[in-house]
Amino acid sequence: MRDPASDRLDEPPQSSGYLDSSPVLSESEELRNRLALFGYLYFRRFLPPEPILELRRRFLAILEEQGWLSPGTDPADAVANPLVACGDPDPDYLRVHALLFKVEEFHALPHHPLLMDLFERLFQDTVLLHPRGVARIFFPTADRFTTRPHQDHLAVRGTEETYTAWIPLGDCPQTLGSLQLAPATHLGGLRPTQPTPDNRGTEVRESHPTGSWVSGDFEVGDILVFHSLLVHRALPNSSDRLRLSVDYRYQPLSLPVHPARFALNDGFRSWASTYAGWNSSRFQYYWQTLRLNLMPSLNLLEESLEHTDDPREAATLKLLLDALSLARLSEASR
């Protein structure tokens, strides 16, 4: 691997914007070096706009039905209805999120060949896409719902070498609440956390002790890729519109993955109900035939189920084992 201090990387990303890696998209080693040094990659016009805008249309149709758009406005503009403003983990938010989660195009987008090829080149390994993508809808002028500084690894677990692809569903200027990253903070490992001021979640205590934040405006097709330990946060949405974006997580198949990444146990969703009505089975249960490096293993999960006296723990373990039902065949063939 090239010395990170060489001429291609001697300029740190400026506080005014992301370092654009589009000019070196074809240079896999350079991309790996930048990712190792800064903890993120930003690409302009990486994806074609058509699948992103189609997913946006599908989401907005659901949000209009649920009363989340301002009456009398063009749904394409995503003007928010402030009377129903909510956010994770509010029950109304989780209920509508479960409807978005069922959209077939939402699950097809992360399998796009351009994304899979990028991660294959970055990992030099078979790519494991986590099936539980996240759709994010942020209301305007509702600072209590703005994502605080955090690291994804606390929620994702498994290997630290898990990466998020963040994709806004349409143009996303900073005023709409785009992401802000703290470059190189992944090098400091997992950071202590504390409750957020409103006790809606947790945030890292010392988010960026060594430098400035970077952010930028997005056009449709732009993407961010960042390490699970990179500290990041959302900017406030100071517009009158909803911010729509999606998160997808990728890792090398050979590295450990937590079984919870494959189960739906929030009470709103199941894989059977998610897949009901889909036109294709291509991306359904695709992980069940892969050679997953599960940690904890299937054997340990089954032993835990056998010995637990806690009904809630037993129900969770059953969900995990059901989601991984075919993985035992792959695990046994190792």
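What follows is calculated from the coordinates using simple rules that are stated; it is not laboratory data. Predicted model only: the values in this text are computed from it and were never measured. Neighbour counts run over all protein chains shown; Cβ positions are idealised from the backbone, glycine included.
Annotations
- Cβ-based exposure ranking for Leu190, Leu305, in which fewest neighbours within 10 Å come first: Leu190, Leu305
- Among 249-257, 227-235, 285-293, the order from most to least packed when residues are scored by Cβ within 10 Å on average: 227-235, 249-257, 285-293
- Among beta bridges that DSSP assigns inside the chain, antiparallel share in %, nearest 5: 95
- Exposure proxy ranking, count of Cβ atoms within 10 Å, fewest first, for Ile62, Ile223: Ile62, Ile223
- Between Thr146 and Leu305, the simple spin-label model (points 7 angstrom out along Cα→Cβ) gives 4.4 nm.
- Normalised by 2.2 N^0.38 Å, where N is the number of residues, the alpha-carbon radius of gyration of segment 58-183 equals 1.18.
- The length gained by stretching the chain between Leu114 and Gln66 to full extension, at 0.36 nm per residue less their Cα-Cα distance, is 14.0 nm.
- FRET efficiency estimate (nearest 0.05) - Cβ-Cβ, Ser238 to Lys318, R0 56 angstrom: 0.80
- Euclidean distance between Cα centres, segment 78-132 to segment 147-199, Å: 15
- The listed peptides 100-113, 65-78, ordered by packing as a protection proxy, come out as 100-113, 65-78 (highest mean of other Cβ atoms within 10 Å first).
- Per-bin percent of Cα-Cα distances, segment 189-300 [5 Å]: 2, 7, 11, 14, 17, 18, 15, 9, 4, 1, 0
- Computed [θ] at 222 nm, deg cm²/dmol, the chain (DSSP H ≥ 4; -39,500 (n - 2.57); rounded to nearest 500): -8000 deg cm²/dmol
- Added length on full extension, which subtracts the Cα-Cα distance from 0.36 nm per residue, Glu105 to Ala272: 58.5 nm
- For segment 287-303, Karplus couplings with θ = phi - 60° (6.51, -1.76, 1.60), whole Hz, Gly/Pro x: 6, 6, 9, 8, 7, 6, 9, 6, 9, x, 6, 4, 4, 5, 4, 5, 5
- Ranked Trp213, Trp278, criterion: other C-beta atoms within 10 Å, fewest first: Trp278, Trp213
- Per residue, the average separation of C-alpha pairs within less than 8 Å and at least 6 apart gives the chain a relative contact order of 23 percent.
- Approximate spin-label separation Met295-Glu54, in nm, with each point projected 7 Å along Cα-to-Cβ: 3.8
- Compared with the alpha-carbon gap, the fully stretched path from Glu219 to Glu29 is longer by 65.8 nm at 0.36 nm per residue.
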